[in-house]
1. Quick one: in the stretch B:370-393, which of the residues that are within 15 Å of B:ASP469 (Cβ to Cβ) and of a type outside the set (Ser, Thr, Tyr) is farthest from the chain's Cα centre (by Cα)?
2. Since B:GLY138 meets every condition but one in (1) of a type outside the set (S, T, N, Q); (2) assigned to a loop (DSSP other than H, G, I, E, B); (3) crowded, with 18+ Cβ neighbours inside 10 Å, which condition does it not meet?
3. Mind listing whichever residues of the stretch B:243-271 are open to solvent by less than 30 Å² (accessible area, probe 1.4 Å) and either free of Cβ contacts under 8 Å to residues at least 12 places away in the same chain or not in a helix (DSSP H, G or I) (or both)?
4. Does A:PRO78 satisfy the condition of being more than 13 Å from chain B (Cβ to nearest Cβ), modelled with pLDDT of 90 or more and either within 29 Å of B:ASN143 (Cα to Cα) or more than 12 Å from the chain's Cα centre (by Cα) (or both)?
5. Would you please name the residue that is nearest to B:CYS251 (Cα to Cα), looking only at residues in the stretch B:481-504 that are open to solvent by 20 Å² or more (accessible area, probe 1.4 Å) and in a loop (DSSP other than H, G, I, E, B)?
6. Which one is farthest from the other protein chains (Cβ to nearest Cβ), of the residues in the stretch B:149-185 that are open to solvent by 70 Å² or more (accessible area, probe 1.4 Å) and not charged (D, E, K, R)?
7. Filtering the stretch A:87-113 down to residues that are more than 10 Å from every other protein chain (Cβ to nearest Cβ) and open to solvent by 30 Å² or more (accessible area, probe 1.4 Å), which residue is nearest to the chain's Cα centre (by Cα)?
8. Counting residues that are over 22 Å from A:ASP17 (Cβ atoms), which strands (runs of 3 or more DSSP E) fully inside the stretch A:31-144 reach at least 3?
Amino acid sequence: MIDFSRVQKELQECSRDIESSGIRVTPKSDNLGRLTGIIPGPTGTPYEGGTFCIDITLPDGYPFEPPKMQFATKVWHPNISSQSGAICLDILKDQWSPALTLKTALLSVQALLSAPQPDDPQDAVVAQQYIKEYQTFVGTARYWTETFAKVSSLGVEEKVQKLVEMGFPESLVRSTLEAVGGDENLALEKLCSG
Amino acid sequence: MEDYGDSDEECYYSDDRESLDGLDNEDSHFQRVTPKGPKVIRKESLLAAQREDLRRVMELLSLREHHARTLLIHYRWDVERLFAVLVEKGKSFLFTEAGVTIIESQDNDSQQTSCSTVRCDICIEDLSRDKATRMDCGHSFCNDCWTEHFIVKINEGQSKRIRCMAYKCNAICDEAVVRNLVSKRHPDLAEKFERFLLESYIEDNKMVKWCPSTPHCGNAIRVEEDQFCEVECSCGMQFCFSCLSETHSPCSCLMWELWSKKCRDESETVNWITVHTKPCPKCHKPVEKNGGCNLVSCVCGQAFCWLCGGATGRDHTWSRIAGHSCGRYKEDQEKKTERAKRDLYRYMHYHNRYKAHTDSFELESKLKKTIMRKVSISEEKESRLRDFSWVTNGLQRLFRSRRVLSYSYPFAFYMFGEELLEDGMTEVDREIKQSLFEDQQQQLESNVEKLSKFLGKPFEQYSDDKVMDIRMQVINLSVVTDSLCKKMYECIENDLLGSLQPGMHNIAPYKSKGIEKASELTTGWSSKTNATNMFLSSSGGTSKQERPSDSGSSDDSGCFALKRARKEDGGYFDLNLPAEVVDRS
Ligand SMILES: [Zn+2]
Ligand SMILES: [Zn+2]
Ligand SMILES: [Zn+2]
Ligand SMILES: [Zn+2]
Ligand SMILES: [Zn+2]
Ligand SMILES: [Zn+2]
Ligand SMILES: [Zn+2]
């Protein structure tokens, strides 16, 4: 069984320092087994300015088994599948330690965005590009960030859909969007803080 | 078997609880009694089998048992390599690599005991100190979390190296803590853990392998030094230690693998053969076409035409078979089929001979009973001849040489064929070597047949003089075949295998006495079916047991103070050896 009391504590601890970390974790439903993580793209990278959503599924053995994480937002990165969003990161596999948390894991994912490891690629095409034509890689990654990770570039219906996909109820999404004047970043923040 | 006479050291365990942690009492003393050669490791002797290795490491590095085990598991039970790393890179490197952490931690302890509760960083609960456990690395978490962690790891099959829960801590958890905590919640899982630990000695050790018998006899075999050898388990299974298939020297493991596969595949070719035989028009037996010529003749003497099956005369010219004119007579010209045919015939040549000797071996094994009966009849006769050990010896020699002969054919098939040959050998070179080898093979063959013939004679009905004569023949032939086998192995090892890809073909050395029987690992342990119980000590008495008995039948199970049985004038009876072998030594 998942240790829900620990998950609760993790969520509290995480929301406490949203300001400093920028990392958010919100449950998709009541059962805490499926969550959404949100990380801001690190500054000084092609991912800067983007907001990246990550699907989190907790296995029964959590925290003694690693959480399953996968990008919901499309990303162009050597260690993240451009197709499925699968992440190649050691701490999500054999280097997982029960002492790590969802927040520390998401911080590691964020760090991975800053420091790709093309030698251990998840996406061979991206990795090849990263090694051989770095400038093209940067361009593509930035374009993907603009296209997929910036909610503001979307129309209202797309904004709604995007936020619903993150796991928020549609009616709540619509009312929140209205309340903040259509700025999906503000809406997201509002939705996340409850 | 080698003699056990030189091993008159005693071996016993005292019943101190500490020895289980490796902290021995002064008087507890252990030495593995080591007759040379392969050993059978039973479930009951598995722990004892690892004892010596553990002990060596514990003594040299002044370590506790579980640390020694962690090191040995990391170095795959290769004590020599472990020591080499120690000498080259030092103790701390050795420990860090393997995840052994030993810290002096009194300071920490006294500091921590000052407050009565601790926070577990995993479940994020505050709890009283006695509900938490600190590992050797210094990391402390609550018992519930540790237990959960251990259970997940054991279920993942990682029992042998359960790491600490702290992030990036490489330390391996103390097996005693694992055992203790897990058994409280999941006794069966604790047992599994125990077994994994014990079996690491087999699984991770290149000198120890499970016996490949099916159904599995439960034993493992440990060899010394050379992995290229052939052994017999106490269950009777004989196998090649290196590849775990049947014994196959002087064939190399790779050759044997190819050959077995080929034999399976080519059994389809047997169909080819049935398609390619035709019934004789006279006696109706299937007759095989031999070569390209379409005039075939049956063993009954009838000649007939392959194409139409009609009876013919025995003469033919290129265009015509005498007395026959079906008009279709023509030599087969197609190169491809010729080549395939040539390859097939080459295979059949070797396979037939291989098969012939294997069949003879089986027949002769069955004959053994008959021959031994002749011996007992002879022994009861009023006669000055009393000693019939030449018969048993001759039989052993016959079996041994038969096997060598049969496996020498697949060897030759690959040695002189094109499949495995590297550029190293020229055509001329190969022909010379092949004919030398075939000479040896033929010599061996004819002597083996002679030996078989003499042993098959009804000597129980013969006069003493005639028996004496046969005896001389059998003894001579035994000696001759033995030395021919030895020569053949030498020739293979020294002159032939060298021209194949180096390192790929190793053969088990020739053992005159036959395939070596693994001897029992002699230990002081009483037999217990459950390894876990070995760790439960008791207030054992000091009753002595002759040998560990076979199953969990020992009554005084808590007693570890056992002494090995010793025959007065040295030499041990090994109950697993047939009487004849024991008698001879
Ligand atoms: Zn805990
Ligand atoms: Zn640790
Ligand atoms: Zn066996
Ligand atoms: Zn082999
Ligand atoms: Zn015939
Ligand atoms: Zn002809
Ligand atoms: Zn004809």
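1. B:ARG384
2. Exception for B:GLY138: condition (3).
3. B:THR247, B:HIS248, B:SER249, B:PRO250, B:CYS251, B:SER252, listed by residue number.
4. So A:PRO78 passes the test.
5. Of everything passing the filter in the stretch B:481-504, B:MET504 is nearest to B:CYS251 (Cα to Cα).
6. It comes out as B:ASN180.
7. Filtering the stretch A:87-113 for residues that are more than 10 Å from every other protein chain (Cβ to nearest Cβ) and open to solvent by 30 Å² or more (accessible area, probe 1.4 Å), the one nearest to the chain's Cα centre (by Cα) comes out as A:GLN110.
8. So the answer is A:68-71.
The values are calculated or read from the model by the stated rules, or taken from the named source; none is laboratory data. This is a predicted model, so every value here is computed, not measured. Note: ideal-geometry Cβ built from the backbone for every residue, glycine included; neighbour counts use all protein chains shown. Each accessible area value is taken on the protein alone, full model and side chains, heavy atoms only, with ligands, DNA and RNA left out. Shrake-Rupley method; radii C 1.70, N 1.55, O 1.52, S 1.80 Å.
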